[in-house]
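**Q** Take a look at the following structure, please.
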Amino acid sequence: MQAQNAQMQRQGVALDQRIMMQSLNSQPSVQRVSIWDGWVRIDNPADHTAIIYKPDQNEYIAIDDTRKQYRVLHGAGAPQPPPNMACNMAVTVNNLGTRQIDGQTAHGFRIDSQMQGVPMTSTSTMYFLDQPLPAQTLELATQYAPCPAGSAWSQLPVDKLPLYQVSATHADASSPMAGFGVTSVLMRGNVHALNDADGALFEPPAGYQQVQ
Amino acid sequence: MKSWKAWCVGASALLLATLAAAQNAPVRIQYDQLREYLNPGAAPPPPEAFAQEYAKLASQPPPQPVSAGAQRAEITSSALAMAAESEIEQRFALMALGIAGMGLGGSPLSHVPVLGKQIGGRVLAKGSIEANEN
């Protein structure tokens, strides 16, 4: 029975990884992110789904707009992430100054990085919104966690939301993977304040059926 | 001299209180975000091109919802297929995630989409709550 459970757990983890890889490889994607103090809602229009995170209540609400259903999850603790390869990279950071992006003031940086032990080089251009966010909110909104304090990445404004990020990663010419490369673009905009009426965004939609 | 010192202490306290309030101020904002992957050699859009890029991507028709039965079949076959793969392959997938996450997550300070992983297998397998009920 234990072996069977372990196998099911392995299958679940593997499926999680596959879903993650699929989501990373799906392209392109558009999402809407709403932040309400410590709560975060992420809408996926392509999937007709949304997730509301309420970490102070240890509660997550998953909404399926296709079937007009929602599910409330309680007690889902933070999982242990695998080692963060990016944190161990050697980086060079250059300040690009300030510019206006979609009506917002943003501070830019160019980051050149070399993976340790892997013949790959990455160059990123990032512009951060000039407004600090609480660490937990930022992590929920971006679904990424920061590197530990003291890493080379801490030269960047770790408490701010990147509005623009272009990262080009390619294998070094001398490596067996020479010729491999990928460029990803992440852009954020339409930034605006929510008002009191928008609080309803963080509750299950009226008329939707709750499923267990 | 004493009043000067008192003024300095008061001003410092006020400044610190203001900064602390700014750090803890409620944040209520909304924004849209898009992700794209470019072909090798393609020029990335400049930061100012958000509106055009968003309009282009948001206007693309979303995929048709997959039936619950088809989702169940896909999930089952995926689980069986993945169960047959070795741990090395799983580790490699995580490595790839780490590399991709560097460029995709909205932050280079990242490992994996933690909550995405947490939620992914439990609730929204490709967008369906129903698919997880069986």
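The values are calculated or read from the model by the stated rules, or taken from the named source; none is laboratory data. Quantities reported herein were computed from a predicted structural model and do not represent experimental measurements. Cβ atoms come from the backbone with ideal geometry, glycine included; neighbour counts cover every protein chain shown. What goes into the accessible areas is simple: the full protein's heavy atoms, side chains included, and nothing from ligands, DNA or RNA. Shrake-Rupley method; radii C 1.70, N 1.55, O 1.52, S 1.80 Å.
**Q** Within region A:47-76, track down each residue that is touching a residue at least 12 places away in the same chain (Cβ under 8 Å), within 20 Å of the chain's Cα centre (by Cα) and open to solvent by 50 Å² or more (accessible area, probe 1.4 Å).
**A** Across region A:47-76, the qualifying residues are A:H48, A:D56, A:N58.
**Q** Let me ask something else about it. From the residues in region A:99-111 that are away from chain B (no Cβ under 11 Å) and under 21 Å from the mean Cα position of the chain (by Cα), which one is least open to solvent (accessible area, probe 1.4 Å)?
**A** Looking at the filtered set, the residue picked out is A:H107.
**Q** In region A:194-209, which residues are of a type in the set (A, V, I, L, M, F, W, C) and more than 24 Å from the chain's Cα centre (by Cα)?
**A** Within region A:194-209, A:A197, A:A206 qualify.
**Q** Might you check whether a residue that is farther than 30 Å from A:K54 by Cα and either of a type in the set (F, W, Y) or open to solvent by less than 20 Å² (accessible area, probe 1.4 Å) (or both) occurs anywhere in region A:130-146?
**A** no
**Q** Looking at region A:93-136, which of the residues that are outside any strand (DSSP E or B) and at pLDDT 85 or above is nearest to B:Y54 (Cα to Cα)?
**A** A:D102
**Q** Here's a follow-up. Please pick out the residue among A:P205, A:P176, A:P148 that is more than 29 Å from A:G103 (Cα to Cα), in contact with a helix residue (DSSP H, G or I) (Cβ under 7 Å, 6 or more places away or on another chain) and of a type outside the set (A, V, I, L, M).
**A** Of A:P205, A:P176, A:P148, the one residue that is more than 29 Å from A:G103 (Cα to Cα), in contact with a helix residue (DSSP H, G or I) (Cβ under 7 Å, 6 or more places away or on another chain) and of a type outside the set (A, V, I, L, M) is A:P148.
Yes/no per residue for (1) at the interface with chain B (Cβ under 8 Å from one of its Cβ atoms); (2) more than 15 Å from the chain's Cα centre (by Cα); (3) in a loop (DSSP other than H, G, I, E, B):
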residue	(1), (2), (3)
A:P146	yes, no, yes
A:P157	no, yes, yes
A:Y164	yes, no, no
A:M177	no, yes, yes
A:H192	yes, yes, no
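**Q** Separate question: Which of the numbered conditions does A:S122 fail, given that it passes all the others? Conditions: (1) touching a residue at least 40 places away in the same chain (Cβ under 8 Å); (2) open to solvent by 10 Å² or more (accessible area, probe 1.4 Å).
**A** So the condition that A:S122 fails would be (2).
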